[in-house]
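> This is the structure, below, for whatever I ask next.
The values are calculated or read from the model by the stated rules, or taken from the named source; none is laboratory data. These numbers come from a predicted model, not from an experiment. Methodologically, a virtual Cβ is constructed for each residue, glycine included, from the backbone with ideal geometry; neighbour enumeration extends over all protein chains shown. SASA here: full protein model, heavy atoms, side chains in, ligands and nucleic acids out. Shrake-Rupley method; radii C 1.70, N 1.55, O 1.52, S 1.80 Å.
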Amino acid sequence: MPKLKSKEKRPLGIVSPYLFAAAVLWYETLFAVTVTGSMRSVPHFILMSLVLSLPITVLLAFIRGKGRYITAAVLSAVYAVPFLVEYFIYMQFKTVYDINTVTNGGADALTGFSDTIRELVVSVPGITTILLYALPCIGFTVAAVRGKGRSELPMPAVITAAVLIPVCFFGNYFLVRSSEEDMSASKGEYNFSKAVESFGLIEGLRLDIVNTGVTSDPEITFGEGNEAELALPTPTSTPTPTPAPTRAPSATPTPTPTPTPEPVPQVMDIDFDALIESSSGTIRNLNEYVASLTPSMTNEYTGIFRGKNLIMITAEAFTAEVIDPELTPTLYRMATRGINFTDFYVPATAGTTGGEFSHIFGLLPTAGGASVPIMTGNNDIHFTMSYLLGQEGYWGQAYHNNDYTYYSRNITHNAMGFSEGFMGWGNGMEEYVVPTWPESDLEMFTGTVPLYIHNSPFNAYYMTVSGHSNYSRGANAMSRAHWDETAFMEEASSERVRAYIAANLELEYSMAYLLEQLENEGILNDTVIVICADHYPYGLDRNAGPGYMPYLSELYGYEVTNMVERDHNRCIIWSGCLEDSDPIIVDTPTSSIDILPTLLNLFGLTWDSRLLPGRDVLSDAMPLMFNLNYDWKTEYGTYISSRNEFIPVSEDIEIPEGYVEAIREIVRDKIQYCRGVIGSHYFSYLFPLEPDG
């Protein structure tokens, strides 16, 4: 760098290019402190920040005078945008969103939840964070107003910057490859939030493009893992249960089911050998992977719901803690007198649309918020209940009591095979639901149940909204409506948790109305009701710091320290025909992707158990819950990916040698399978729809 002459009064003319690199480092440091809460990304984000900012440094060196500062101010503001967007996403949803989710749901979030976003932005943490990210832009702007810059080019600085670009890039390259954990986070067990925590936001965004096929279908490969090859005995120790909610129901003894003779593999007539021979790339790898799997078997519950009506409900921000024998007797009845799930999880990915996707398609949303549009847009709907029941002649319709265009449901849900399509607020639901926030689930059910109750067999799907945040008496119409019914919580609970429970009473009253109507019609025993949350109630802890969820911990009754604890929930599969028998207890780890294969078996539909990554929970398939962060849980214990830690269910249980690595590989393959199915349109390849389909 040239020496300054004594008369130079504005040295920033020389160093200002390097100040831009410092600005990007400032953004990453702020993000690590306020969002990820992790400093393990520091070496990586220092190197990658330099890789992406030093080209700008070179550019700025060739701009003379005030133009250098003006350009730096504009570019620093542009660079700050993704950091601020992800910061406010985290403050609302307690996670960072990948590119697909932001681009496919960002506009809806801005318009649909403008009040919530405005509240976050104008809060003290919001304003403070904006100002901190604005400091570089403000500094460059002040310099442009007050300074003259330096006319000659600082060539040593330019050469140094140009040399540092490849040095930093390859430095990070070798740093990643020197760590098994970093290699896993960048490729083998890639997940956007995990990558951001490990490498910083800029590198996380780059890896998102590379690994998730934002611009193209990524190549999908698989390991050698197969759960059938493990041949594991059932643990002799009693697993530690998920911490129970306050006033939880007591345990019910497991009945002895009547054995069914001659169980057969749950498969379809698909010649995978021929498909492997005629395919290539990702499709060939998918064919080989599926062919290598061992199918589950039919069982004593296969077909017990054949021909019955189906009502599927994705319940907004529902949790196990809502269910109470006194406060929510209908939900309690349905949860305990049908198929009783006692260790159930809803992996939270891509917000509501991600939860809907898992519930409907039986896959994890590896394409984020784009998962539903990709699958419906390419007719990959073959294994959805809406399509298969539609093929059986069922009357079908989907409902939502908020804006019908939100998350493009007017397009996606109309393409799922329902005979009557989709109705939301704006294309019919406004006749039944009064506009407020959030809207009433009871009004939606009261208005829509008469549309199908006389049309057996029917298949109705609901996406509710009454359980949505914000959770306060003033901001939530449902909390306000049911505030007095939660008076008993006044001393023991915070206002926010009380408001959450009060809001969810609307779902309880909706179910009470629904069961009453079905009973009056005489079809209670001929109707199956399924309820699953879209995600945990992340709205409880808006503005809480990284890894800190005080209100969720209050609701759960224990300190939430990882995603498995965070995502515990309750699934309901109930029919009046089950109430005369002892409840069917499912006490093994299960999750939302297990709902679809379980229903396919219960309804006796034609399906192939190898083609869905979840399991029929009533079958002999190995119990396995996993999420897109590569956490998992089996009967032997829980693996927390971020800590690379396996926690056995008890100290005296014997873990087979190589067990943890074997399950890790199985989980990696299942997630890769989800990615491959979505990215390559695998189901429409296997089952092309007829022209009128």
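> Obtain the nm distance between the two label points defined at Ser279 and Val58 by a simple spin-label model: each point lies 7 Å from its Cα along the Cα-to-C-beta direction.
Result for the modelled spin labels: 4.3 nm.
> Could you please put Thr448, Thr606 in sequence from largest to smallest accessible area, using a 1.4 Å probe?
Numbers: Thr448 0, Thr606 95 Å².
Heavy-atom accessible area, descending, gives Thr606, Thr448.
> Follow-up question, since we're still on this one. From Cα pairs below 8 angstrom and at least 6 apart in sequence, can you work out the relative contact order of the chain, rounded to a whole percent? Present the calculation step by step, with values, prior to reporting the outcome.
Details: 1252 pairs, mean separation 136.2, N = 693.
Over the chain, the number comes to 20 percent.
> Where does each of 302-311, 499-508, 650-659 land if you order them by average Cβ count within 10 Å, highest first? Present the calculation step by step, with values, prior to reporting the outcome.
Working: 302-311: 18.3, 499-508: 26.6, 650-659: 11.3.
Ranked from most to least packed, the peptides come out as 499-508, 302-311, 650-659.
> Could I ask something else about it? What are the membrane-span-like helices in the chain by this rule: whole DSSP H runs, Cα extent along the axis at least 18 Å, mean Kyte-Doolittle hydropathy at least -1.0?
On the way: long enough: 12-31 (28 Å, 1.43); 42-61 (27 Å, 2.11); 66-93 (41 Å, 0.96); 99-112 (19 Å, 0.16); 124-146 (31 Å, 1.58); 155-177 (34 Å, 1.65); 495-521 (40 Å, -0.31); 659-680 (31 Å, -0.03).
Span-like helices here: 12-31, 42-61, 66-93, 99-112, 124-146, 155-177, 495-521, 659-680.
> How about segment 518-592: which GluC sites (Glu not before Pro) there are in a DSSP loop, with at most 15 other Cβ atoms within 10 Å of their Cβ? Don't skip to the end; give the middle numbers.
Numbers: sites: Glu519, Glu521, Glu554, Glu559, Glu565, Glu579; in loops: Glu559, Glu579.
The qualifying sites are Glu559, Glu579.
> Hey, another quick one. Any chance you could count the Lys pairs in the chain whose alpha carbons are under 26 Å apart, treating pairs 8 or more apart or on different chains as valid?
18
> Another question, if that's okay. Relative to the present Cα-Cα distance, how much length would full extension add between Glu665 and Arg473 at 0.36 nm per residue of separation? Write out the running numbers ahead of the final one.
Working: separation 192, 0.36 × 192 = 69.12 nm, distance 4.68 nm.
Full-extension gain reported as 64.4 nm.
> Taking K and R as +1 and D and E as -1, what net charge do the other residues with C-beta under 13 Å from the C-beta of Ile99 add up to? Spell out each step's value before the answer.
On the way: positive: Arg206; negative: Glu86, Asp98, Asp208.
Cβ neighbours under 13 Å give a net charge of -2.
> While we're looking at this one, here's another question. Would you please give the FRET efficiency between Ser650 and Val74, computed as 1/(1 + (r/R0)^6) with r the Cβ-Cβ distance and R0 = 56 Å, to the nearest 0.05? Write out the running numbers ahead of the final one.
Details: r = 59 Å, r/R0 = 1.06.
For Ser650 and Val74, the calculated efficiency is 0.40.
> Using a 1.4 angstrom probe on heavy atoms only, work out the carbon and sulfur share of the accessible area of segment 549-693 in %. Spell out each step's value before the answer.
Working: 2110 of 4720 Å².
Answer for segment 549-693 is 45 percent, counting heavy atoms of protein chains only.
> At 1.4 Å probe size, with every protein chain present, just tell me what the per residue accessible area of the chain comes to in Å². Can you show the working numbers first?
Details: 27370 Å² over 693 residues.
So the chain comes to 39 Å² accessible per residue, rounded to a whole number.
> How much net charge surrounds Ile453 when only the other residues with a Cβ under 13 Å from the Cβ of Ile453 are counted, with Lys and Arg +1 and Asp and Glu -1?
Details: positive: none; negative: Glu516, Glu519, Glu521, Asp526.
Net charge in that neighbourhood comes out at -4.
> Determine the percent antiparallel among the DSSP beta bridges restricted to the chain, to the nearest 5. List each step's numbers first, then the result.
Numbers: 17 of 43 bridges.
Once the DSSP bridges in the chain are tallied, antiparallel ones form about 40 percent.
> What is the sum of charges around Gly604, taking Lys and Arg as +1, Asp and Glu as -1, for the other residues whose C-beta is under 15 Å from the C-beta of Gly604? Before the final figure, lay out the partial values.
Details: positive: Arg306, Lys308; negative: Glu300, Glu392, Asp526, Asp608, Asp616.
Charge balance in the 15 Å sphere: -3.
> With each pseudo-label sitting 7 Å past Cα toward Cβ, what's the Glu392-Ala492 distance in nm, one decimal?
The modelled label-to-label distance comes out at 4.2 nm.
> Sorted by average packing, counted as other Cβ atoms within 10 angstrom per residue and highest first, what order do 482-493, 289-300 take?
Ranking, from highest mean packing down: 289-300, 482-493.
> Here's something else I'd like to know. How large is the accessible surface of Val560 in square angstrom, using a 1.4 angstrom probe and rounding to the nearest 10?
10 Å²
> Using only Cα atoms, what is the ratio of the radius of gyration of segment 36-110 to 2.2 N^0.38 Å? Walk me through the numbers before you get to the answer.
Values: Rg = 15.8 Å, N = 75, 2.2 N^0.38 = 11.3 Å.
Dividing the Cα Rg of segment 36-110 by 2.2 N^0.38 Å gives 1.39.
> Ordered by packing density, taken as the mean number of other Cβ atoms within 10 Å over each peptide's residues, highest first, how do 176-182, 372-378 rank? Mind dumping the intermediate values first?
Numbers: 176-182: 14.0, 372-378: 20.7.
Descending mean neighbour count gives 372-378, 176-182.
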